[in-house]
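What follows is a set of notes on a single structure, which appears directly below.
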């Protein structure tokens, strides 16, 4: 129980990433067609227009890996007081968010890019705490 209290910030931030990425990945699995249709329109005037299905698959894999590693890392922090899985989850989360940020910027969706930064800031803070 002492690990829970001595690593509260890390555990809460890992839970944040777990919820964020697992929910997003599961949504893509359950509504692949809806996500694909929306993103195809979103990127219709960009260099990514012919690559949307493949890129969506890559983002799905990255989100699921990020969420799973962050979730496992949460439990590892509670049990051991440190978390290599959590660090890798946070690192993959940051890479995933940078990929999403690039996509929003390429699509010229600057408001969407700003939203990604809101997720990137606590992720980078978590990486800083875990180094």
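The values are calculated or read from the model by the stated rules, or taken from the named source; none is laboratory data. As the structure is a prediction and not an experimental result, all values here were calculated from the model. With ideal geometry, Cβ positions are generated from the backbone for all residues, glycine too; neighbour counts draw on all protein chains shown.
For residue 118, the criteria (1) under 18 Å from residue 16 (Cα atoms); (2) surrounded by 17 or more Cβ atoms within 10 Å (Cβ to Cβ); (3) at pLDDT 95 or above hold in every case but one, which is (2). Selection within the range 75-91: residues that are under 15 Å from the mean Cα position of the chain (by Cα) and buried (at least 21 other Cβ atoms within 10 Å of the Cβ). The member of this set that is farthest from residue 131 (Cα to Cα) is 89.
When we screen 51, 99 for residues that are under 19 Å from the mean Cα position of the chain (by Cα) and surrounded by fewer than 19 Cβ atoms within 10 Å (Cβ to Cβ), the only hit is 99.
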